[in-house]
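Okay, so here's the structure we're looking at.
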Amino acid sequence: MFICTVKDQGCTWSKTLYSRDIIVFTFSYAFELSSTSLEQIIFWLRVEYLALPFIPVFLLLMCIEYIGQRIKKVWQYALFIIPFITIFLHYTNDLHHLYYKSMELRSDSPFPIIKLVGGPWFYVQSLFLFLCVMISIIILLKQVKKSSFRFRMQISMMVAGLLIPIMANYYYINGLSSYGIDLGPVSMSITFIFHGAALLTFQMFNVAPIARETVFESMKEGVIVLNQQGLIVDYNHGMRKVIPMLGEHSIGKSITSVLNGNYHLSEIIELKQDSDFNCSLNGKLVHYHIGFSTVLNKSNLPIGQIITFTNVTERVLMLEKLKQLASLDGLTQILNRTFFIYESEMLFDALSMEGGSVSVIMFDIDHFKDVNDTFGHEAGDAVITLVANTAKEHIREGDLLGRYGGEEFIICLPDTALDTAYELADIIRKKVSESIAVVNEEKISVTCSFGVTHVLIKAGDRSQSIKTLMPRADQALYAAKKNGRNCVKIIA
C-alpha cells in the first residue's frame, strides 16, 4: 500500500517500507494458513518475522512524516533496537524459548493452525507494537483541530483504521480468536479499507481480497460452506471442479437443489459422514475424500458446516500400484501363488451363484535343474520368464495365470470345456518347445509337461474350489512326466 502525505510530499522511505512489510507479513501469513504441516507453518512464521517487528516502527515514522515532522537519526536507529532483538530471539528461540515457550499444531481446528505460547520477549514486542500504534494515533489526533473538515475526516478514518489492529491483537493474545487464528493480518486489511476511504484520491488499496484469494481460492482442496439450514454460504474455485454447476447464483440456495441429479453426492452430504467419492474430470477418474467440520459459535452451538473435498487420486493410485506389486511375481509379472489362489476362489464363488465350468492347467519346465546347473541361475530366470510370457500370450482376458512354485505354473480357465483346455495346453507346449532363450550368447531351449483337469459347478454348489482341483491337475502333470515329459495329460 502506497501512502502519500496530505502535503503532497510524495512517498517517503518509511511509507514504502511500511507497505512492503505489511505485504510480506500478510502474504506470509496467508501461506502459513494454507500450509499442511508444522514445518511449513514455522517456515512461513519465520518469513513473517522478517517484516512484523518493523511494522510498528515504520508506522510511527510514517505518521510523524504525515504531519511534516522529523526525528533525529539517533532516535530513528534506537527505534529499531527492539525489532532486531525480536528477530534474533525469534530465529534462535529453540535455544532459549524467550520468545515462544512452545510451538505446536492445534487439534481443534478444521485445517492446520499453529498454537503459540508466548515467552517474556513476546510480550515485550507486543507492548512495543501497542505503544507505537498508540503514539501514532495520538500524533494523528493532535492534528484534528489544526486541519480543515476534509482532513479531519481523513485523519479520523485513519485513526479508526489503526484502532482495529489493537483490538484484533487483544483478542489474539488473550486466546479469544477462533481456533487461535492471528487476527493481525485480517485487521490490517480492514485498516487499509479505512485508509482507502480516508485517502481515496491517493488510490490506497487493501489486502483483504488478496489474502482471501491466496488462502481460500488457492487451496488445493475444494471447500464449500453451508449454514445451519444447508444453504450455501461460500465456496472456493477448487469446488467448481467437483460441482461445475456452482456459480454466484448458488449462494443462498440449498446444496441439494444445486446438486439436483447427482444423487450419490447428495446422499453423502445428507449423511454428513466422511466418505470417499469418485467423479470424472476431463475424461479421467478422480478420487476425493469428503470431510465434514461443524462450525460453532461462541456459545458452542452449531451454526454451519464446512465440507472439504480433498483430491486423493494420487494416494489411491499408489495404493492400487502397491496392491498390484504385492499380487505379482517379481520375476515374471504374473500372479504369485497367494493372489492366484485368492483370485481363483473369487472366481469359483461367482460361478457357484449360477453354475458353470472351470478347467485348470498345471505345468512345469522339464529338467529345469539341469538348466541352472549348466548355464547358471541367470539363465534359469530367463527360461522361467520365457515360459511365463509364452503362456501369457495365449490365455484370454479373464483367465488367471500364476507362478505356483519355482518353475511350476498354473492356469485357471472359467467357462472352458476340457477339450478346449487341452488344446490350449498343447499350443503352449509347442510354442515353448519352439522358443529359444539366449543368455550370454548361449542358446537354451526347454520343454514343459502339462496336467489338465475340469469340473462342472452346479448353481449353489460351494463344494468345489481351486484347492480341490489343484491336486487333480498335479496328478495329471505327474502322469505327463511319467509318460516321457513334453506332453499333456488329462484327469477329468
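For this structure, a couple of remarks:
- Annotation: lysines with alpha-carbon distance below 30 angstrom to Lys73 (same-chain offsets under eight excluded): Lys7, Lys15, Lys142, Lys145, Lys146.
- Filter on Lys458/Lys489; Lys220/Lys298; Lys241/Lys284 - keep pairs with C-alpha separation over 21 Å: Lys458/Lys489; Lys220/Lys298
- Sorting the segments 298-310, 350-362, 409-421 by their mean number of nearby beta carbons within 10 angstrom, highest to lowest, gives 409-421, 350-362, 298-310.
- Alpha-carbon spread of segment 335-492, three principal axes, descending order, Å: 55, 29, 22
- Put in order of Cβ neighbour count within 10 Å, fewest first, the listed residues Met239, Met167, Met219 become Met167, Met219, Met239.
- Peptides ranked, highest mean first, by Cβ atoms within 10 Å: ranges 96-103, 476-483, 380-387: 380-387, 476-483, 96-103
- Amide proton proximity set for Lys253, modelled H, under 5 Å, gap of 5+: Ile232
- Residues Leu401, Leu322, arranged from fewest to most other Cβ atoms within 10 angstrom of their Cβ, appear as Leu322, Leu401.
None of the figures in this text is laboratory data; all of them are computed from the coordinates on show. If you're wondering where the values come from, they're calculated on a predicted model, not measured in any experiment. Glycine also receives a Cβ, built like all others from the backbone with ideal geometry; neighbour counts cover every protein chain displayed.
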